[in-house]
Each structure stands twice: as structure tokens, then as C-alpha cells.
Amino acid sequence: MSLPEVFPPPRLWLYLLLALGALIPRPALAVEYTFGTPIAGDSVPVTLSLNDAPGDAGVDVVVSIPAGQGDLLGLFGHVTNEALVPLMGISDPSGIVTQSSFNANKGWKVGGGNVMNPVGGWDFGLRFGSNGSAGGAVEEASFRITGPGVTVTQLAGAANQGWLFGVRIQSTAGP
């Protein structure tokens, strides 16, 4: 038996490697930011954690502020591939997200009176609690931004107005 009969030809090896590579799941990406709120101008630090959801189901998001330092009102941000924006949604069994908008370059933010007011420029906006409060100060919000192709890279790689994300808080608790 000659050597070529025992081993597949090089082209077949390449096809086998490509096929196996497609079966290997891509590693999940996680990013964490800690910053003062860029929109409200409050000095309370905000932590934003993003993790690719299992099975390419979107991005798991946790937004938090230190206990007793205010009321977390909402989050707004950008998407690298704006074609994904109309496909995006929210999965939030806890009900902390009470309002959301997904519209490329027309996203809303939590504005005066803790309502969603259009300000332009953001791809998505989320409001937490009721009138800025869910029975008291919202200090942490956990939810999933869903959509085919929505990943941490799509969110963390986007920038506009000098910020990747805006987090709105008020420095006193409650509505």
C-alpha cells in the first residue's frame, strides 16, 4: 500500500479542518466599563457589564450603581452594524426595563420627568422602573438585548457623540 492511498489528499484535509472549525463554538466575549454618567453629569460611578449570551442569543447586560447613591433611570447606546438595530429586542423576565426603543440614530434617552424623549443620535434606549423608580431606587438592572448577530463586539465597537453608552441616573433615590 503506497502512502497516497493511506492519507487523504491535502485538499481534503483543508476541507476537513474548515468543517471542524465551523463546529467549534466561538468564545464568548465579556466587557466591563466603570465610569461616571456622561449624560446626567452626576458623580456617581456606574458599572456596565456586557457578556455574549449563550447560543448567540444576544448580549447579557448588567448596569449598576453603588447602593444608596441614587436611582438608575436608563441606558442608551450604539450598534456597530446599524442594520441589526431593527432586529433587536429585550428579554427581561424581571420587568426592570419598562420602555425601549431600537431605531438607528434616533434612539431615545431618559429625559426630563423621567420619560423617554427623542434626542437623536443613539441606536437604542431603555428606561428602568416606573417613573425612574421600581418601588424605590433602581440600583441594578439585568436584562438581555436580543437579536440575530447582536454581540458584545457589535455593541462595544460602536461609538458616536464620543460615548459608547450613556447611563442616566438621578443622584437622589426614588421618583
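Read-outs: derived from the displayed coordinates by stated rules, not from any lab. Everything quoted here is computed from the prediction, not taken from an experiment. Virtual Cβ from ideal backbone geometry, glycine too; neighbours counted across all protein chains shown.
Seen from Pro86, the other residues with C-beta closer than 14 Å to its C-beta sum to a net charge of -1, counting Lys and Arg as +1 and Asp and Glu as -1. Spacing of the modelled spin labels on Val62 and Leu87, each 7 Å from Cα toward Cβ, amounts to 2.8 nm.
Relative protection proxy for 68-75, 145-152, from highest mean packing down: 68-75, 145-152 (other beta-carbon atoms within 10 angstrom). Electrostatic tally near Thr47: other residues with Cβ closer than 13 Å to its Cβ, Lys and Arg +1, Asp and Glu -1, net -3.
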